[in-house]
Amino acid sequence: MPVPILTTKLFIPPPRPKVVPRPRLIERLNEGLHRKMTLITAPAGYGKTTMLSEWIPQSERCVTWVSLDNGDNDPVRFWAYFIAALQKLDAEIGKDAFALLGTPVLSPIESILTVLLNEIAAFPDNFAVVLDDYHLIDAQASDASTAIDNGITFLLEHLPPQMHLVIASREDPNLPLARLRARDQLTEIRAADLRLTPREAGAFLNQVMGLNLSSEEVTSLESRTEGWIAGLQLAALSMRGREDVHAFIEAFGGDNQYIVDYLVEEVLRRQSKRVRSFLLQTSILNWLSGPLCDAVTDQEQGKGLLEELERGHLFVSPLDDKRHWFRYHHLFADLLRVHLMEEQPDRVPTLHRRASEWYEHNGLEIEAFRHAAAANDLDRAERLIEGDEMPLQFRGAGAPVRNWLESLPRSAMDARPSLWVTYASTLLFGGQHTAVEQKLQAAEKALQGPESDDRTRDLLGRIASMRATLAVIQHDAEAIIIQSRRALEYLHPDNRTVRTATTWTLGYAYQLRGDRAAASQAYSEVIAAGESFGESIYTTAATINLAQLHEADNALSAATRTYQRALQLAGDPPQQMASEAFLGLARIHYLRNELDAAEKYGQQCLRLTRQMESVDTSVSYALFLAQLRLAQGDATAALNALEGAEAFIHEHNFMFRMSDVIAARVLALLQQGRLEAAVQLADAHNLPPMSQARVHLARGDASTALALLEPLRGEMEAKGWARERLQVMALQAVAYHAQAEEEQAVQLLVEALAMAEPAGLIRIFIDEGPPMAELLREAAGRGAAPNYIRELLAAFGSFEGGAPATQLLSDPLTERELEVLGLLQTELNGPEIARELTVSLNTMRTHTKNIYSKLGVNNRRAAVLRAQELGLL
């Protein structure tokens, strides 16, 4: 679901109608645009935002803006606003990256930023992005703020030349500033630069603030405030209407904090009761509009008072040209809140609750939640988190929700066990899987009501559903089934979202156990639920899983249609889980020997898989890639892919996938001609019967291979597993052929061909190598499936008569190299081959080296095996 955006945060503050011109600073800002970043740091009240709003109309680039606040200390929310600001320039910028932020399981930020940077690089114009009040990101030192700082660092390291970043902050951000300085990539404007000069101070006090001070009085004030604009403004407000201006200036002094405390007291004391009450009550708001202020104050004077405050320069700034939205100066707002808490502490929760109600009514649930949390209204906050369709933590508020839950005392959580469940859900879908079980146990311990109570039962169902999801990650079928059935027993009938999720986990368990009929039924129920009350992430997942079942049944056309439907559901750009749909289509094209198309879909899978850190799709892709590389004759690349998969398995504790990877490694070693290494690897692991049978065949022990394959075939037939049964039959035929039992071999092959032809399966036969080609010729001689066999033999690179076909190598062997190749399969040694060809030994070695290079092998045996696979021998 897309992250909601409050557009007022993207408004560029318009220049004030009366402002002191500061050409020296404007020039500095424009001069710095050729560097990567401009950093403006100074304490509150030095005019950072005012200077930027004055600069933007004079800038040499178009500028977009984000006003940051405390709630932006969350990577999803921060980058959502960053991209939204870019889209003020062009609605297409960041479209793909923004969609990735809205997925329930967040991609690594660097992956999202890579997509974003590519989109920025395609934008034709020069521009700048302003991040105002960046100190609010680092104010709460946390993993979230570190992640944002790291993201900005990554962005700066790869920044396209047409983009410039401007950061305004009260303190230096946690960015590599020293490195940027050393590379002349940073322009800095600091408090000393922002201080008003005596001339500028005079213009500000007399022309902007409407005073009539002498040059001596201006100099005195400028000296005592050290050019601090906020101090001068507060002093000017305090002097309005005074007759003893000179005495006031003489008494004026002290550090900034003293000045603030003193002058704010003066400013507030001089306001009418009506204005003072308005200022205090609305200080809880980050942004101010007439209707919002009316709701909070329970009055109907908001718009007029905001305009009055702006005219009086009372620390309120417009956020848009139409002056619908305003904000208080941060320094002023902070002090107003202090006064509010001192004078009316009991009223603060009511004010926040009113703000929450207004935001909810206007469709801004995240802001509504933040004010409900500030009001300590647990019931309201929890209701807002749950939402009508999608929980708030899935809509860009993961960090605020988690931070609020972390801040609550355990007693409050225990009093509302549902909060523990929400906490666990936030952690689960935030990728913090190891911390989930502890929260679920806390929820169970806190549940005091009888299990007959509907709410208690539903919470127990939600707990079980989350445990089922945790078990899915580890492919623990038994645990998934136990927890899913418990969830469906306890969940309320109206809790359709969680019931649908649980039906999916149950289907996944059935698929892991091989009960494909039960899995298909569960997935169909999930898809039907999506059609009746709204599609969800589980609708997409179930559609992908259903396609996998079609694929396993050799129903490749149905599988293709279903995978394509899943991609439609996954959206554009697709959700991360669409990687499994792309991978399924890659496998289908591979099975049909359409290797270019298979590689293309595999690459699309890889792009999405790189965005996910803790799912085993990476292993599935590596297995596919290894198979593809073997088909392309590159066993070394296949082994490299499998080595990476093993490392991933160990890193993420996905040991349940290790046997698949080891089996693929054995196959690659056999194709390389490294029989001894393959045997050693197979002996060290308890491999599936098919892999064991291949090793026995390679060792010349066909009888042992057949002893393994015969019961396996019976098992596959009993389970109705079409793909696996076909694979066993193909290998059985090769094993019978190796034992010279041609009648049984051909009979079994003919049966396999009848099963495979309707689906157009090619690679199942080709991957068995030259012995299968010989069997196909024998079957063709008996009149079996002539068109299909002709297609298979063409794919082998052979004519029906068995003569070498046009070579499938990108760099074909020469006639002389073919002669050398033919002798390499004999018992002749190197010198003997040279004498046979009447060439020197060095010439023969040169031919042999060229052959190895073209075939992608590194020894004589491997060259012969590869040549046989290609039909060259």
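The values are calculated or read from the model by the stated rules, or taken from the named source; none is laboratory data. These numbers were taken from a predicted model, which means no experiment stands behind them. Here Cβ is always computed from backbone atoms with ideal geometry, including for glycine, and neighbour counts include all displayed protein chains. Ligands, DNA and RNA are stripped out before the accessible areas are found, and what is left, the full protein with its side chains, is counted by its heavy atoms. Shrake-Rupley method; radii C 1.70, N 1.55, O 1.52, S 1.80 Å.
Among the residues making up the stretch 89-100, a single one is at pLDDT 90 or above and crowded, with 19+ Cβ neighbours inside 10 Å: Ile93.
Only a single item in (1) at pLDDT 90 or above; (2) not in a loop (DSSP other than H, G, I, E, B); (3) not small (Gly, Ala, Ser) is not met by His492, and it is number (2).
Would you pick out the residues in the stretch 169-209 that are free of Cβ contacts under 8 Å to residues at least 24 places away in the same chain and either open to solvent by less than 20 Å² (accessible area, probe 1.4 Å) or more than 28 Å from the chain's Cα centre (by Cα) (or both)? Once the filter is applied, which keeps residues that are free of Cβ contacts under 8 Å to residues at least 24 places away in the same chain and either open to solvent by less than 20 Å² (accessible area, probe 1.4 Å) or more than 28 Å from the chain's Cα centre (by Cα) (or both), the stretch 169-209 yields Ala178, Arg179, Arg181, Ala182, Arg183, Ala192, Arg199, Gly202, Asn206.
Kindly indicate whether Leu761 is closer than 29 Å to Ala519 by Cβ and part of a helix (DSSP H, G or I). Quick ask: steps written out before the conclusion?
Numbers: closer than 29 Å to Ala519 by Cβ: yes; part of a helix (DSSP H, G or I): no.
No.
Of all residues in the stretch 468-509, those being touching a Phe, Trp or Tyr at 6+ places or on another chain (Cβ under 7 Å), open to solvent by less than 30 Å² (accessible area, probe 1.4 Å) and among the hydrophobic types (A, V, I, L, M, F, W, C) number 3.
Scanning the stretch 828-873 for residues that are among the hydroxyl-bearing types (Ser, Thr, Tyr) and within 25 Å of Leu793 (Cα to Cα) returns a single hit, Tyr852.
Residue-by-condition table, conditions (1) open to solvent by less than 60 Å² (accessible area, probe 1.4 Å); (2) modelled with pLDDT of 80 or more; (3) outside any loop (DSSP other than H, G, I, E, B); (4) within 23 Å of Arg199 (Cα to Cα):
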{"residue": "Ser220", "(1), (2), (3), (4)": "yes, yes, yes, yes"}
{"residue": "Tyr258", "(1), (2), (3), (4)": "no, no, yes, no"}
{"residue": "Gln271", "(1), (2), (3), (4)": "yes, yes, no, no"}
{"residue": "Ser277", "(1), (2), (3), (4)": "yes, yes, yes, no"}
{"residue": "Gln281", "(1), (2), (3), (4)": "yes, yes, yes, no"}
{"residue": "Ile284", "(1), (2), (3), (4)": "yes, yes, no, no"}
{"residue": "Lys303", "(1), (2), (3), (4)": "no, yes, yes, no"}
{"residue": "Glu310", "(1), (2), (3), (4)": "yes, yes, yes, no"}
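When the stretch 837-857 is examined, which residues are found to be within 23 Å of Thr636 (Cα to Cα) and assigned to a helix (DSSP H, G or I)? Result: Arg845, Thr846, His847, Thr848, Lys849, Asn850, Ile851, Tyr852, Ser853, Lys854, Leu855.
Per-residue answers, yes or no, for (1) open to solvent by 50 Å² or more (accessible area, probe 1.4 Å); (2) β-branched (Val, Ile, Thr); (3) on the phi < 0 side of the Ramachandran plot:
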residue	(1), (2), (3)
Ala707	yes, no, yes
Glu710	yes, no, yes
Gly714	no, no, yes
Val734	no, yes, yes
Gln744	yes, no, yes
Phe765	no, no, yes
Glu778	yes, no, yes
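Each row is one residue, and each column tells you yes or no for (1) buried (at least 20 other Cβ atoms within 10 Å of the Cβ); (2) modelled with pLDDT of 95 or more; (3) not in a helix (DSSP H, G or I).
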| site | (1), (2), (3) |
| --- | --- |
| Leu116 | yes, no, no |
| Asp125 | no, no, yes |
| Ala141 | no, no, yes |
| Asn150 | no, no, no |
| Phe154 | no, no, no |
| Pro161 | no, no, yes |
| Ile167 | yes, yes, yes |
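Entry remark, the stretch 23-56: residues being surrounded by fewer than 21 Cβ atoms within 10 Å (Cβ to Cβ) and either of a type in the set (Phe, Trp, Tyr) or assigned to a loop (DSSP other than H, G, I, E, B) (or both) number 4 in total. Filtering the stretch 726-746 to residues that are of a type in the set (Asp, Glu) and either touching a Ser or Thr at 6+ places or on another chain (Cβ under 8 Å) or not in a loop (DSSP other than H, G, I, E, B) (or both) leaves Glu742, Glu743.
When the stretch 595-647 is filtered for residues that are touching a Lys or Arg at 6+ places or on another chain (Cβ under 9 Å), outside any helix (DSSP H, G or I) and closer than 25 Å to Leu855 by Cβ, only Gly633 remains. Beta carbons closer than 6 Å, at least 6 apart along the sequence or on distinct chains, pair a first residue in the stretch 808-837 that is of a type in the set (Gly, Ala, Ser) with a second that is modelled with pLDDT of 85 or more and surrounded by fewer than 14 Cβ atoms within 10 Å (Cβ to Cβ) for Ala834/Leu841. Just one of the numbered conditions (1) open to solvent by 20 Å² or more (accessible area, probe 1.4 Å); (2) more than 31 Å from the chain's Cα centre (by Cα); (3) hydrophobic (A, V, I, L, M, F, W, C) is not true of Leu625: (2).
Take Thr434 and decide whether it is open to solvent by 60 Å² or more (accessible area, probe 1.4 Å), of a type in the set (Val, Ile, Thr), modelled with pLDDT under 90 and within 26 Å of the chain's Cα centre (by Cα). So that I can check it myself, show each step before the final result.
Values: open to solvent by 60 Å² or more (accessible area, probe 1.4 Å): yes; of a type in the set (Val, Ile, Thr): yes; modelled with pLDDT under 90: yes; within 26 Å of the chain's Cα centre (by Cα): yes.
When the stated conditions are applied, Thr434 passes them.
Residue pairs whose Cβ atoms lie under 7 Å apart, sitting 6 or more positions apart in sequence or on different chains, and linking a residue in the stretch 582-604 that is farther than 18 Å from Gln568 by Cα and open to solvent by less than 40 Å² (accessible area, probe 1.4 Å) to a partner that is outside any helix (DSSP H, G or I) and of a type in the set (Val, Ile, Thr), are Leu591/Ile762. Each residue in the stretch 825-860 was checked for being of a type in the set (Lys, Arg), modelled with pLDDT of 85 or more and under 25 Å from Ala773 (Cα atoms), and 1 pass.
Each residue in the stretch 444-467 was checked for being in a helix (DSSP H, G or I) and closer than 20 Å to Asp494 by Cβ, and 13 pass.
Among the criteria (1) at pLDDT below 95; (2) over 16 Å from Leu459 (Cβ atoms); (3) part of a helix (DSSP H, G or I); (4) within 24 Å of the chain's Cα centre (by Cα), the one His475 does not fulfil is (3).
Applying a threshold of 8 Å to beta carbon distances and a minimum spacing of six or more residues, or different chains, the list of pairs starting in the stretch 427-442 at a residue that is within 15 Å of Val401 (Cα to Cα) and ending at one that is open to solvent by less than 40 Å² (accessible area, probe 1.4 Å) and not in a helix (DSSP H, G or I) reads Phe429/Pro104. The condition (being in contact with an Asp or Glu (Cβ under 8 Å, 6 or more places away or on another chain), open to solvent by 30 Å² or more (accessible area, probe 1.4 Å) and either without any contact (Cβ under 8 Å) to a residue 60 or more places away in the chain or more than 20 Å from Arg629 (Cβ to Cβ) (or both)) is satisfied by just one residue among His685, His652: His652.
Out of Arg694, Arg723, Arg657, Arg665, report the one residue that is farther than 29 Å from Leu470 by Cβ, open to solvent by less than 50 Å² (accessible area, probe 1.4 Å), of a type outside the set (A, V, I, L, M) and in a helix (DSSP H, G or I). Criteria check complete, one pass: Arg723. Filtering the stretch 494-543 to residues that are over 22 Å from Ile482 (Cβ atoms) and among the aromatic types (Phe, Trp, Tyr) leaves only Phe533.
For the stretch 332-360, the set of residues classified as closer than 23 Å to Val66 by Cα and surrounded by fewer than 19 Cβ atoms within 10 Å (Cβ to Cβ) consists of Asp334, Glu360, listed by residue number.
Would you please name the residue that is farthest from Ala779 (Cα to Cα), looking only at residues in the stretch 746-760 that are within 47 Å of the chain's Cα centre (by Cα) and buried (at least 20 other Cβ atoms within 10 Å of the Cβ)? Taking the candidates together, the pick is Ala759.
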